[in-house]
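Undergrad: First the structure, then my questions, so here it is.
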Amino acid sequence: MDLEKLILHKVGEAIARFSMIREGDRIAVGVSGGKDSLTLLEALLRLQQRAPIRFDMEAFTVEQGKFLSPIQPVGDYLRSLGVPWHYVQDQPSLDLLETEPDHGCDKCSRFRRRAVYEIARELGCNVIALGHTADDFCEALLRNAMFTGKLSALPPVTTSRKGEFRLIRPLVFVTEDLTRRWVADRHTPVIPCGCSQKTGTVRRSLRDYIAELEQDYPYVKETLIAAMGNLDPQRLLDPRFQGDADTQRSMEQELFPIVTGM
Ligand code: SF4
């Protein structure tokens, strides 16, 4: 399957499986300037042309002062694709960079979320599409399992806290090696964020660990993504998902007949 078909197939599968897009939706697509969000936007544009339902799209970029070069080439590129692009300098984020240059991701993403909601509201959108990829889902799963004691990743679809927006992540099945190839093939202008070069973070360690595993097991990310859709709660330790005592006893006897005296 060629690259475009493969990506559109994966995005289409995510949209259908999680009912991400509905008739009449107006979607704000966050474009960070990186390969993933640019791939997301182009994939949605292609699917829009062939979808049986009608939906509109607006692209936007929040300036938080972290781009390593001017973002305008991305805007020019998006306009050449025929999609409206809105560039918003978020003053609170820029101020934060001045007063607290070493602020962490929690604060930065909280500021970005507020700005994104404001922009989507102004654009009259009811859906916000985010460019998180299969890699992000895998990292979130491992990070939560290893550092927060919770088996969870990211929601493919959710609503904002006040129910104002549907938040969708149509790249859930698309790995970053595919988005990298997509932008390289098209010579899409990609503007790096200063944070992409950060080292010594948990995220970077997990990325490196997965990349190392991929040397011997090239489908490890696809397998992790499949695992997230194929839970076996009886083999985990959350009592909320265990059967009653009788069910557990019969399962034990089936699995461990000698230990249970059969
Ligand atoms: S990596 Fe950088 S841009 Fe991303 S949330 Fe963290 S501080 Fe913000």
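The values are calculated or read from the model by the stated rules, or taken from the named source; none is laboratory data. On a predicted model such as this, the values are computed, not experimentally measured, just so you know. All Cβ positions, even for glycine, are placed from backbone atoms using ideal geometry, and neighbour counts span all protein chains on display.
Undergrad: Pairs only if they're at least six apart or on different chains, beta carbon under 7 angstrom, first in the range 212-224 and at pLDDT 95 or above, second of a type in the set (D, E); list them, first residue then second.
TA: Sorted first by the residue in the range 212-224, then by its partner, the pairs are V220/E214; K221/D135.
Undergrad: Sticking with this structure for a sec: From the list S69, S80, exactly one residue is within 16 Å of the ligand (Cβ to nearest atom) and hydroxyl-bearing (S, T, Y). Which is it?
TA: When all the criteria are applied, what remains is S69.
Undergrad: Here's another thing I want to ask about it. I'd like to know if the range 148-156 contains one or more residues that are at pLDDT below 95, exposed (fewer than 14 other Cβ atoms within 10 Å of the Cβ) and not acidic (D, E).
TA: no
Undergrad: Restricting attention to the range 45-61, does a residue exist that is modelled with pLDDT under 95, within 16 Å of the ligand (Cβ to nearest atom) and buried (at least 19 other Cβ atoms within 10 Å of the Cβ)?
TA: No, because not a single residue in the range 45-61 is modelled with pLDDT under 95, within 16 Å of the ligand (Cβ to nearest atom) and buried (at least 19 other Cβ atoms within 10 Å of the Cβ).
Undergrad: Considering the range 191-211 alone, what residues qualify as being of a type outside the set (S, T, Y) and more than 18 Å from the chain's Cα centre (by Cα)?
TA: I191, G194, Q197, K198, G200, D208, A211
Undergrad: Turning to a different aspect of this structure: Would you pick out the residues in the range 22-43 that are touching an Asp or Glu at 6+ places or on another chain (Cβ under 6 Å) and farther than 21 Å from A134 by Cα?
TA: Scanning the range 22-43 gives a single hit, R26.
Undergrad: Consider I191 carefully, then state whether it is modelled with pLDDT under 95 and either in contact with a helix residue (DSSP H, G or I) (Cβ under 7 Å, 6 or more places away or on another chain) or farther than 24 Å from T39 by Cα (or both).
TA: So I191 passes the test.
Undergrad: Output the strands (runs of 3 or more DSSP E) that fall wholly within the range 88-195 and possess 3 or more residues being more than 13 Å from the ligand (Cβ to nearest atom) and either closer than 30 Å to M1 by Cα or touching a residue at least 24 places away in the same chain (Cβ under 8 Å) (or both), or say none.
TA: 127-129, 166-168
Undergrad: Any idea which residue in the range 200-220 is nearest to N144 (Cα to Cα), counting only those that are away from the ligand (no atom under 16 Å from the Cβ), in contact with a Leu (Cβ under 9 Å, 6 or more places away or on another chain) and of a type outside the set (S, T, Y)?
TA: Once the filter is applied, the top-ranked residue is I210.
Undergrad: Now for a separate question. Just give me the residues in the range 215-237 being within 20 Å of the chain's Cα centre (by Cα) and acidic (D, E), in sequence order.
TA: Correct list: E222 only.
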